[in-house]
Amino acid sequence: MNPKDKGAPLLPWQWPEERWRAIVGRVRAGRALRPAAWPGGARCAVALSFDSDHETNELREAGESIGRLSQGQYGNRQGIPRILEILQRHAVKASFFVPAVTALLYPDEQRRLAAEGHEIGIHGWIHERNSELPLEAERDLQLRSAEVLEKVAGTRPVGIRTPSWDFSPHTLAITQEMGLLYDSSLMADVDCYELLMDGKETGVVELPVEWIRDDAVYFNMNRFASLRPYTPPEGVFDIFKREFDGAYRERGLFQLTMHPHISGYRSRVWILEELIRYIRSHTGVWFATHAEVVRYVKANAA
Ligand SMILES: [Zn+2]
């Protein structure tokens with residue numbers, strides 16, 4: 001079919017300029033929120049995060065694999081305790097992004113996180129893919145997720161990380177409507193920035209992530225597909241370390257994403273501890289939760 005025939009949709013190379021400009025402009029990085037200095041004269045901020053997906057990775061695919069669900073349960077039984085022990089030993093506070101279904105399956109886990117001073121943020125209902133949902137369903141799930149986390153952990157979440165960092169054209173409007181302080185799912189910078197929606201300031205801060213700083217990329221495995229871990233733990237440590245080195249050199253922000261059901265293993269969890277030790281061997285590093293970083297940059301942007 002000739003796409004120029006009447007009624008046929010235009011192909012991307014045929015789009016008029018306003019069309020691709022509108023797509024690009026839906027959600028955009030606005031003003032950079034990079035402070036001239038970090039609290040206490042620190043040179044660098046370090047924001048560690050853990051996405052407690054547990055069983056929801058399987059459930060959101062409508063999967064019922066008992067084997068894969070057991071891997072999710074490992075996140076609760078072994079992953080979280082190992083991670084919390086390391087964080088406690090080094091007196092580091094972190095952010096945990098928790099799907100509502102995880103919070104309902106494991107309320108004690110969330111209460112322990114809160115009791116130990118960690119932040120709990122929104123991570124969807126059942127790790128759904130926002131870009132596949134109608135607006136009303138996405139909005140309803142995001143609102144209900146916040147309610148569940150508040151009920152279980154006792155504190156209203158102030159930030160969201162969309163499941164799989166999947167962002168629909170409506171996600172930002174919902175986040176803004178909910179009055180959330182920040183999102184942490186997008187990748188336009190290494191520093192925090194204000195999110196623009198259709199060219200307008202939203203007041204919502206982005207604390208950017210990157211697949212490079214995500215353990216899942218290197219370690220994921222699927223028995224029935226060709227997906228296998230391809231980077232040894234030493235290699236992953238080296239990548240994370242170099243990301244920190246750059247942030248320290250540039251007096252910026254080092255943000256990291258890990259998963260209890262992926263990194264909470266004997267042969268991998270050392271990456272977290274070695275990294276904290278390495279970072280602590282530098283002077284002037286501020287460890288903070290995502291919410292603390294966002295509050296600080298919002299108040300102190302240069
Ligand atoms: Zn996740």
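Need a quick list: helices (runs of 4 or more DSSP H) entirely within segment 1-84 having at least 2 residues that are open to solvent by 40 Å² or more (accessible area, probe 1.4 Å) and of a type in the set (D, E, K, R).
Working: elements: 17-25, 56-59, 66-74.
Result: 17-25.
If you scan segment 155-175, which residues turn out to be in a helix (DSSP H, G or I) and among the aromatic types (Phe, Trp, Tyr)?
Kept after step one, since they are in a helix (DSSP H, G or I), are these residues of segment 155-175: 163-165, 171-175.
Trp165, the sole residue that qualifies.
Residues that are within 26 Å of Glu58 (Cα to Cα) and open to solvent by 20 Å² or more (accessible area, probe 1.4 Å): does segment 280-296 have at least one? Walk me through how you get there before you give the answer.
Keep residues of segment 280-296 that are within 26 Å of Glu58 (Cα to Cα), which gives none.
Looking through segment 280-296, none of the residues is within 26 Å of Glu58 (Cα to Cα) and open to solvent by 20 Å² or more (accessible area, probe 1.4 Å).
For Trp270, state whether it is of a type in the set (Phe, Trp, Tyr) and either open to solvent by less than 60 Å² (accessible area, probe 1.4 Å) or touching a Gly at 6+ places or on another chain (Cβ under 6 Å) (or both).
Working: of a type in the set (Phe, Trp, Tyr): yes; either open to solvent by less than 60 Å² (accessible area, probe 1.4 Å) or touching a Gly at 6+ places or on another chain (Cβ under 6 Å) (or both): no.
No: the conditions fail for Trp270.
If you take the residues in segment 259-302 that are within 13 Å of Phe219 (Cβ to Cβ) and outside any helix (DSSP H, G or I), which one is nearest to the ligand (Cβ to nearest atom)?
My answer is His259.
When only residues in segment 157-187 that are surrounded by 14 or more Cβ atoms within 10 Å (Cβ to Cβ) and charged (D, E, K, R) count, which is farthest from the ligand (Cβ to nearest atom)?
The extreme case among them is Asp183.
When the residues of segment 133-142 are filtered to those that are open to solvent by 50 Å² or more (accessible area, probe 1.4 Å) and in contact (Cβ under 8 Å) with a residue 12 or more places away in the chain, which remaining residue is farthest from the ligand (Cβ to nearest atom)?
Residues of segment 133-142 open to solvent by 50 Å² or more (accessible area, probe 1.4 Å): 134-136, 139-140.
Next cut, in contact (Cβ under 8 Å) with a residue 12 or more places away in the chain only: 135, 139.
On the way: Leu135: 22, Arg139: 20 Å.
My answer is Leu135.
Okay, residues lined up against (1) of a type in the set (A, V, I, L, M); (2) closer than 28 Å to Val98 by Cβ:
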residue	(1), (2)
Pro9	no, no
Trp15	no, no
Arg31	no, no
Ala47	yes, yes
Asp51	no, yes
Leu59	yes, yes
Gly63	no, yes
Gln71	no, yes
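Scan segment 45-55 and tell me whether some residue there is of a type outside the set (Lys, Arg) and without any contact (Cβ under 8 Å) to a residue 60 or more places away in the chain.
First, pick out the residues of segment 45-55 that are of a type outside the set (Lys, Arg): 45-55.
Next cut, without any contact (Cβ under 8 Å) to a residue 60 or more places away in the chain only: 55.
For segment 45-55, residues of a type outside the set (Lys, Arg) and without any contact (Cβ under 8 Å) to a residue 60 or more places away in the chain: present.
Give Leu275, Leu256, Leu207 a once-over and let me know the one that is open to solvent by less than 50 Å² (accessible area, probe 1.4 Å), closer than 25 Å to Ala114 by Cα, aliphatic (A, V, I, L, M) and free of Cβ contacts under 8 Å to residues at least 40 places away in the same chain.
Values: Leu256 fails: free of Cβ contacts under 8 Å to residues at least 40 places away in the same chain; Leu207 fails: free of Cβ contacts under 8 Å to residues at least 40 places away in the same chain.
Testing whether each residue is open to solvent by less than 50 Å² (accessible area, probe 1.4 Å), closer than 25 Å to Ala114 by Cα, aliphatic (A, V, I, L, M) and free of Cβ contacts under 8 Å to residues at least 40 places away in the same chain leaves just Leu275.
Restricting attention to segment 210-232, report how many residues are surrounded by 14 or more Cβ atoms within 10 Å (Cβ to Cβ), in contact (Cβ under 8 Å) with a residue 12 or more places away in the chain and over 13 Å from Met258 (Cα atoms).
Here the count works out to 1.
Which of the following residues is away from the ligand (no atom under 16 Å from the Cβ), surrounded by 18 or more Cβ atoms within 10 Å (Cβ to Cβ) and not in a helix (DSSP H, G or I): Val152, Val92?
Details: Val152 fails: not in a helix (DSSP H, G or I).
One residue alone meets the criteria, Val92.
Got at least one residue in segment 48-62 being away from the ligand (no atom under 15 Å from the Cβ) and more than 20 Å from Thr283 (Cα to Cα)?
yes
The values are calculated or read from the model by the stated rules, or taken from the named source; none is laboratory data. Predicted model only: the values in this text are computed from it and were never measured. Don't worry about glycine lacking a Cβ; one is built from the backbone with ideal geometry, like all the others, and counts go over all protein chains shown. Please note that ligands, DNA and RNA were not included when accessible areas were found on the heavy atoms of the full protein model with its side chains. Shrake-Rupley method; radii C 1.70, N 1.55, O 1.52, S 1.80 Å.
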